[in-house]
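Scroll down for the structure; my scribbles are underneath it.
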Amino acid sequence: MEAQHNLSRVLREVAAGHEVGITRRKKLVARLVPPEDEPAVEWPDFMTRAAEVWADGWRGSSSDDLLEEGRAER
């Protein structure tokens, strides 16, 4: 199969778990292999952290106040 003219077909083969060799003048110049399974990313529990940090409630400016302040400085 010619990768140059059938790239979508080649990529389907790779996505299906097959290794595809790319040759130039009958010499192997590259191999396309499916990616290894990546470990799942463990995201921190932002809500719990926020509750710990601001257990007594937020005492700072609201985002609206900060935007208005920034616009006033222009």
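Every number in this text was worked out from the coordinates using simple rules, so none of it is lab data. Worth saying up front: this structure is predicted, and the values here are computed from it rather than measured. Positions of Cβ are backbone-derived with ideal geometry, glycine not excepted, and every protein chain shown enters the neighbour counts.
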Report summary line: The relative contact order of the chain, taking Cα pairs under 8 Å that sit 6 or more residues apart, comes to a percentage of 16
Query raised in the report: For TRP43 and GLU19, FRET efficiency with R0 = 35 Å and r from the beta-carbon atoms, rounded to 0.05?
Result: 0.60
Query raised in the report: Binned at 5 Å from 0, what are the whole-percent values of the Cα-Cα distance distribution for the chain, short to long?
Result: 3, 11, 11, 10, 7, 6, 5, 5, 5, 7, 12, 10, 5, 2, 0
